[in-house]
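Below: one structure, written as structure tokens.
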Amino acid sequence: MLAILKNDWKRLMEEKLYLFVSIGLTICAVILAITLTNTIETKGNIALVLPDHQPMTTSVSQFSECRYFNISILETAPPKSELIQNRYDAVVTVNEDGSYTLETIKNNEIKEMIYAALENPVAFVPDLNSERKIGTNIIGYMMMFLLMQGVLYARLFAEDKENHMIERIAISPISFWKYLFGHGVFILAIIFIPSFCVIAAAKAFGIALGFSLLTYAGLIAVLAVLSTTFALFLNSFFCVADTANMLGSSLIVLSSILAGCFYSFAKEKTLFDKLIHIFPQKDFVNFANALEKGSLTSVVEWQFLYIIGLSVLFFTVAVLKTRKDYYYHK
């Protein structure tokens with residue numbers, strides 16, 4: 001297994017660009033999360049619809065000036081696609097009788113917050129406990145890039161298959177479990193070490209990061225394990241590195257956005273919200289959020305165990321699939 005680690009390192013050093021790009025993306029993710037968390041004071045973008053030049057009441061006027069929202073006054077309601085694209089967090093339509101109609105695809109907390117602002121815009125103060133804190137934002141922004149790194153570095157395993165090197169492994173004394181475990185340890189280390197160093201450097205500069213370094217180490221390690229096992233699982237089904245890379249990157253980007261790594265747009269207690277829990281990113285964000293707020297529940301803990309179990313399943317399938325494909329060489 002040590003020979004695999006040395007060989008992977010030697011091959012990676014011949015293509016340093018991959019390593020530099022990964023580190024650069026991680027740094028950008030951390031900076032973006034810190035910047036957005038510390039500078040954005042508004043709770044969302046609201047489309048306030050006043051049809052047919054309807055006169056603005058005192059209450060509506062006060063709401064339109066609320067400093068916790070970016071409010072755009074429109075004559076007609078925007079299409080629902082703009083809610084999906086996150087251009088608006090909600091659309092508030094003022095009816096002729098003075099009542100309000102609220103439309104949003106976000107959770108009930110957002111809806112209740114907007115209703116509270118409409119009822120008493122002057123005294124309104126948002127409940128910050130319902131929002132993600134900086135630690136969850138940082139780990140959420142890093143997540144997609146960490147998962148993509150696994151697919152990137154797993155090309156070392158895919159190239160062994162492309163160049164028929166794995167056929168030599170099949171007739172050697174080393175088992176496929178040890179062979180893939182060696183690749184996995186290398187990929188995990190090359191994901192974890194640079195990412196944790198970026199966080200440690202930010203901490204050394206006195207930047208507030210939410211979690212302690214030890215907690216970040218644990219969270220990044222879990223993501224690195226998930227990233228590694230998923231990448232090995234995916235590459236076990238393809239003999240061409242670029243195919244697995246493109247498919248894996250597409251799946252990670254799409255699932256990360258739907259799971260709410262950057263923002264959450266799913267309504268709670270809906271079928272869609274339940275379905276996106278299939279993605280481990282959703283459960284990981286929930287776990288990090290609950291951990292930072294000190295509100296861990298048994299449900300959240302089971303979600304975390306689901307991530308660990310899924311990682312074990314990915315690795316097991318990768319080994320069994322690879323052994324099945326090349327067993328005949330022995």
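The values are calculated or read from the model by the stated rules, or taken from the named source; none is laboratory data. Every value quoted in this text rests on a predicted model; they were computed, and no experiment measured them. Using ideal geometry, Cβ is built from the backbone for each residue, glycine included, and neighbour counts are taken over all protein chains shown.
Quick notes on this structure:
- Region 264-313 - residue that is modelled with pLDDT of 90 or more and surrounded by fewer than 16 Cβ atoms within 10 Å (Cβ to Cβ) and, of those, farthest from F233 (Cα to Cα): W302
- Residues being closer than 18 Å to L19 by Cα and outside any helix (DSSP H, G or I) - total across region 215-237: 0
- Region 221-263, subset more than 24 Å from V319 (Cβ to Cβ) and surrounded by 23 or more Cβ atoms within 10 Å (Cβ to Cβ), residue farthest from the chain's Cα centre (by Cα): A259
- All conditions but one from (1) modelled with pLDDT under 85; (2) surrounded by 14 or more Cβ atoms within 10 Å (Cβ to Cβ); (3) out of contact with any Leu (no Cβ under 8 Å at 6 or more places or on another chain) apply to I171; the one that does not is (2).
- Residue ID - modelled with the highest pLDDT, chosen from residues in region 176-214 that are assigned to a loop (DSSP other than H, G, I, E, B) and surrounded by fewer than 14 Cβ atoms within 10 Å (Cβ to Cβ): S212
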